[in-house]
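Written out below as structure tokens is the structure these notes cover.
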Amino acid sequence: MKKSVLSFLRFTLGSLRDLAPIILVIGFFQIIILDQPLPNVGGLVTGLILVMLGLTFFIQGLEMGLFPIGETMAHGLAKRGSGFWLLMFAFFLGFGTTVAEPALIAVAVEAANAAVEGGIISPGEDSVRAYASGLRLTVALAVGTSLLIGIFRIIKGWPLHFLIIPGYLIVVALASLAPEEIIGVAFDAGGVTTSTITVPLVTALGVGLASMIKGRNPMIDGFGLIALASLLPMIFVVLFGFAWNIMVPM
């Protein structure tokens, strides 16, 4: 019990330290630059305390739950020697965590609404829902595919830059040909996919697998899955833009 309390206090202090720069920046601009008192101080303090506690519970939960789960699954599948099921697990892990990602849902909805305003899709709830859902599924498929490729890379021991450099060359080539309205969405999609749930699970999976395979270095081979998970959504979303213009012409 005492150990748990000390651990919670340690995480809380760490969260306070991480939030301190944000608090200082907001306070500086509000009081010094704008020369105005903080509005609703009581609500702000309460909100900051809730954020600090939420961040504390989240980080502690990662160390207690998600990191061990990722490493345990990697160890278990590697011990079974089934490359097929390991690759399938990586794909569905990437797809499942991404399709429910709140940041992706928000970006997809905003992209759909912006597409209506820009005349890319016809107005109407059905069109907005179809565009947003198509975008989410495209990104989720991209992340699933990227994890499948990344795990295969760890198994084979391929250098990461053999995949990253050609991948970005493809992104640049496609961006020069893609419809202008999809390029920004595609590049943003690469960032929103790597968020709260995906990153810890994927990182633990890669490091755990690399530590189980003889001849692999966890520091060299275990990382890089997040880079692939950011890269492939750009390619897939650009292709989604091409496909949408062909299948649903305005």
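The values are calculated or read from the model by the stated rules, or taken from the named source; none is laboratory data. This one's a predicted model, so the numbers in the text were calculated from it and none came from an experiment. Don't worry about glycine lacking a Cβ; one is built from the backbone with ideal geometry, like all the others, and counts go over all protein chains shown. Protein only, heavy atoms only, side chains kept; ligands, DNA and RNA dropped before computing areas. Shrake-Rupley method; radii C 1.70, N 1.55, O 1.52, S 1.80 Å.
Key figures
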item: Region 167-188, subset of a type in the set (Gly, Ala, Ser) and in a helix (DSSP H, G or I), residue most open to solvent (accessible area, probe 1.4 Å); result: Ser176
item: Inter-residue pairs, beta-carbon under 8 Å, first free of Cβ contacts under 8 Å to residues at least 24 places away in the same chain and open to solvent by less than 100 Å² (accessible area, probe 1.4 Å) and in region 17-35, second aliphatic (A, V, I, L, M) and outside any helix (DSSP H, G or I), 6+ apart; result: Gly27/Leu38; Gln30/Leu38; Ile31/Leu38
item: Test: residue in region 197-219 that is surrounded by fewer than 20 Cβ atoms within 10 Å (Cβ to Cβ), part of a helix (DSSP H, G or I) and of a type in the set (D, E, K, R); result: no
item: Set Leu141, Leu147, Leu104: member being open to solvent by 60 Å² or more (accessible area, probe 1.4 Å), under 17 Å from Met234 (Cβ atoms) and touching a residue at least 24 places away in the same chain (Cβ under 8 Å); result: Leu141
item: Among (1) modelled with pLDDT of 90 or more; (2) not in a helix (DSSP H, G or I), the one test that Arg136 misses; result: (2)
item: Pair list, Cβ under 6 Å, 6 or more apart: region 45-72 residue more than 27 Å from Leu86 (Cα to Cα), other residue modelled with pLDDT of 70 or more and open to solvent by 50 Å² or more (accessible area, probe 1.4 Å); result: Met52/Leu16
item: Residue list for region 37-56, restricted to those being at pLDDT below 80 and open to solvent by 100 Å² or more (accessible area, probe 1.4 Å); result: Pro37, Asn40
item: Unmet criterion (only one of (1) in contact with a helix residue (DSSP H, G or I) (Cβ under 7 Å, 6 or more places away or on another chain); (2) open to solvent by less than 60 Å² (accessible area, probe 1.4 Å); (3) not basic (Lys, Arg)) for Pro123; result: (2)
